[in-house]
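What follows is a short report on a single structure.
The values are calculated or read from the model by the stated rules, or taken from the named source; none is laboratory data. Because the structure is a prediction, the values reported are computed rather than measured. Here the Cβ positions follow ideal geometry from the backbone for every residue, glycine too, while neighbour counts run over all protein chains shown. SASA here: full protein model, heavy atoms, side chains in, ligands and nucleic acids out. Shrake-Rupley method; radii C 1.70, N 1.55, O 1.52, S 1.80 Å.
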Amino acid sequence: MLRLVAKRLLGTASGDIPSRPLQILPRLYHENVIDHYNNPRNVGSFDKNDPNVGTGLVGAPACGDVMKLQIKIDEESGKIVDACFKTFGCGSAIASSSVATEWVKGKSMDEVLTIKNTEIAKHLSLPPVKLHCSMLAEDAIKAAVKDAEAKRAKTNATLKGADVKSG
Amino acid sequence: MYKMMQLWTPLSTVFRRVLPTTCCLASFTANSQFASLSSHLQSSSRVPLRYGLDFSPYSKISLLSFCSQSAAKLDSTTKRCWNCLAEATGSTPFLYCDSCRSIQPVDLSIDYFKIFGLEKKYEIEVDGLEGKYKDWQKKLHPDLVHSKSEKEREYAAEQSARVIDAYRTLSKPLSRAIYILRLEGVDVDEEQTVSDPELLTEIMEIREAVEEATDSQALNQVQSRMNEKLEETSDSFANAFQRRNLDEAVTCIQKMTYYQRASLCCSCNVIMGSTTLRIEEMITTDV
């Protein structure tokens, strides 16, 4: 008897039917967004000057959001081995960039360029008014890849120049 | 209905307290329809327009369907009162007929600057706004027309709401800047991405400083720096707008938005910090 009461109070018993039905309120954040907001993955910074790091810095001035997404490229394979982000903005913007850093890991730079904002928005069930947040994340990925490729091209040019000189 | 009630405090309260300085951007999106419709009206004033009504002044639908009845008259330059047919004097914006004391329907061709009797310039005397605003509300406020016809009560609701929005929009530099560009046909409030590395790096550093600030003194320092930047950029906007360099003007607005946002974050963090301290005090103090 006591255990049953305790279970009810604590709500810890799995598989129990809740005694009161949960009232669904309209316009809640989707649980995926809340998850990314409460447990953000890959928050942080890489060294901007690292030649294998690509930095994408984008902003949405209309709402004052700013998003930084960084990718770490493996020199040999050219694949993205690590990613991190820092976003100042609404929950949807934070979640979008968090999702983006998860999705780019282990992929090649060409592959991540195909990630569309609509996919991110769908994953997070973003309402229409927040679609631009996912767009921002897509732009951040593209900017990071662009930066990484520019750095790679620069490194290759320097190496070639060195070869010519020494050879 | 709730939104309306939020908007219209009783007339007495309006005169007693200072209007809250909430961000005007939110209310302004509703008015984005005004300016485009107003410029449309100016160019096609001979087209008879239907008078549609929706009794929630901030509903976008009502703003779109709301057209000046006076524009339907053959002589579109002279406005006449719907009640007594007296002609508008032309010196003051025709929101109210002084002859018979009836409130007129909203005329979207009267922009916010005209409502306050100001030239359409970015730099205005902000101090003079409050007095004029109160003068208008003494004539237009819905509390004054309880005994009048439903039509006039609706006019009062919409005119009064428009004057409130005009006051809020013109009081703050950023909202005023966005509005004046909107009147020129430039819509700044688009959800576009920018990637100006210099600006974004600066903003990133500021926001990081705000997050990492340990005490309210540090936050206040950042905030005063932001307010300085806001003023500087406001001057740059005035300059760019005067030279009709609209691209530069848009960039200034984008910067101002970022600085204002950062300033707001400072205030929030100060409040949060002091609230945390108060809670800690309460917990540690023996009650």
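A single member of B:LYS255, B:LYS229 is within 19 Å of A:VAL58 (Cα to Cα), open to solvent by 40 Å² or more (accessible area, probe 1.4 Å) and touching a Lys or Arg at 6+ places or on another chain (Cβ under 9 Å), and it is B:LYS255.
When each of A:LEU136, A:LEU131 is tested for being closer than 17 Å to B:ARG207 by Cβ, in a helix (DSSP H, G or I) and among the aliphatic types (A, V, I, L, M), the lone residue that passes is A:LEU136. Set side by side, the residues A:ALA144, A:ALA150 differ, and just one is in a helix (DSSP H, G or I), within 19 Å of A:ASN52 (Cα to Cα), in contact with a helix residue (DSSP H, G or I) (Cβ under 9 Å, 6 or more places away or on another chain) and aliphatic (A, V, I, L, M), which is A:ALA144.
Whether any residue in segment B:271-285 is part of a loop (DSSP other than H, G, I, E, B) and either open to solvent by 40 Å² or more (accessible area, probe 1.4 Å) or within 14 Å of chain A (Cβ to nearest Cβ) (or both) is what I want to check. Yes: one or more hits. Looking across segment B:260-270 at every residue that is touching an Asp or Glu at 6+ places or on another chain (Cβ under 9 Å) and closer than 30 Å to B:ILE180 by Cβ, the one that is most open to solvent (accessible area, probe 1.4 Å) is identified as B:ARG261. Cβ-Cβ distances below 8 Å connect the following pairs, each with a first residue in segment A:137-160 that is within 21 Å of A:GLY89 (Cβ to Cβ) and in contact (Cβ under 8 Å) with a residue 12 or more places away in the chain, a second residue that is among the basic types (Lys, Arg) and open to solvent by less than 50 Å² (accessible area, probe 1.4 Å), and a separation of six or more residues or different chains: A:ALA140/A:LYS68.
Going through B:ALA240, B:ALA262, B:ALA213 one at a time, which residue ends up being in contact (Cβ under 8 Å) with a residue 24 or more places away in the chain and either among the β-branched types (Val, Ile, Thr) or under 21 Å from B:LYS172 (Cβ atoms) (or both)? Result of the check over B:ALA240, B:ALA262, B:ALA213: B:ALA262. Of everything listed in (1) assigned to a helix (DSSP H, G or I); (2) crowded, with 23+ Cβ neighbours inside 10 Å, the single unmet condition for A:GLU119 is (2). Scanning segment B:185-195 for residues that are facing chain A (nearest Cβ under 8 Å) and under 28 Å from the mean Cα position of the chain (by Cα) yields a total of 7. Every condition in (1) farther than 30 Å from B:GLU119 by Cβ; (2) within 11 Å of another protein chain (Cβ to nearest Cβ); (3) assigned to a helix (DSSP H, G or I) holds for B:ILE178 except the one numbered (1). Please go through segment B:188-209 and give me each residue that is in contact (Cβ under 8 Å) with a residue 40 or more places away in the chain and within 20 Å of B:SER267 (Cβ to Cβ), ordered by number. Within segment B:188-209, B:ILE203, B:ILE206, B:ARG207 qualify.
Taking each residue of segment A:49-62 that is at the interface with another protein chain (Cβ under 8 Å from one of its Cβ atoms) and farther than 17 Å from B:GLU205 by Cβ and looking for partners that are open to solvent by 10 Å² or more (accessible area, probe 1.4 Å) and among the hydroxyl-bearing types (Ser, Thr, Tyr) with beta-carbon atoms closer than 8 Å, six or more apart or interchain, yields A:ALA60/B:THR193; A:ALA62/B:THR257. If only residues of segment B:80-128 that are of a type in the set (Ser, Thr, Tyr) and in contact with a Phe, Trp or Tyr (Cβ under 9 Å, 6 or more places away or on another chain) are counted, the one that is most open to solvent (accessible area, probe 1.4 Å) is B:TYR96.
Among the residues of segment A:27-59, those that are open to solvent by 70 Å² or more (accessible area, probe 1.4 Å) and either modelled with pLDDT under 90 or in contact with a strand residue (DSSP E or B) (Cβ under 8 Å, 6 or more places away or on another chain) (or both) comprise A:ARG27, A:LEU28, A:TYR29, A:GLU31, A:ILE34, A:TYR37, A:ASN38, A:ASN39, A:VAL43, A:ASP47, A:LYS48. Has segment A:87-101 got any residue that is in a strand (DSSP E or B), within 12 Å of chain B (Cβ to nearest Cβ), surrounded by 17 or more Cβ atoms within 10 Å (Cβ to Cβ) and in contact (Cβ under 8 Å) with a residue 12 or more places away in the chain? Yes: one or more hits. Could you tell me whether B:GLY90 is modelled with pLDDT of 90 or more and in a loop (DSSP other than H, G, I, E, B)? Here the answer is no, as B:GLY90 does not meet what is asked.
Would you confirm, using the coordinates I've provided, whether B:ILE206 is closer than 18 Å to A:PRO61 by Cβ, within 14 Å of chain A (Cβ to nearest Cβ), open to solvent by less than 60 Å² (accessible area, probe 1.4 Å) and in a helix (DSSP H, G or I)? So B:ILE206 fits the description; yes. Scan segment B:243-259 for residues that are in contact (Cβ under 8 Å) with a residue 60 or more places away in the chain and within 19 Å of the chain's Cα centre (by Cα) and the total you get is 7.
Being open to solvent by 20 Å² or more (accessible area, probe 1.4 Å) and within 8 Å of chain A (Cβ to nearest Cβ) is a description that does not apply to B:SER236. Looking only at segment B:260-287, count how many residues are of a type in the set (Ser, Thr, Tyr) and within 25 Å of A:PRO61 (Cβ to Cβ). Summing the residues that are of a type in the set (Ser, Thr, Tyr) and within 25 Å of A:PRO61 (Cβ to Cβ) in segment B:260-287 gives 2. Filtering A:SER108, A:SER134 for residues that are within 14 Å of another protein chain (Cβ to nearest Cβ) and of a type in the set (S, T, N, Q) leaves a single hit, A:SER134.
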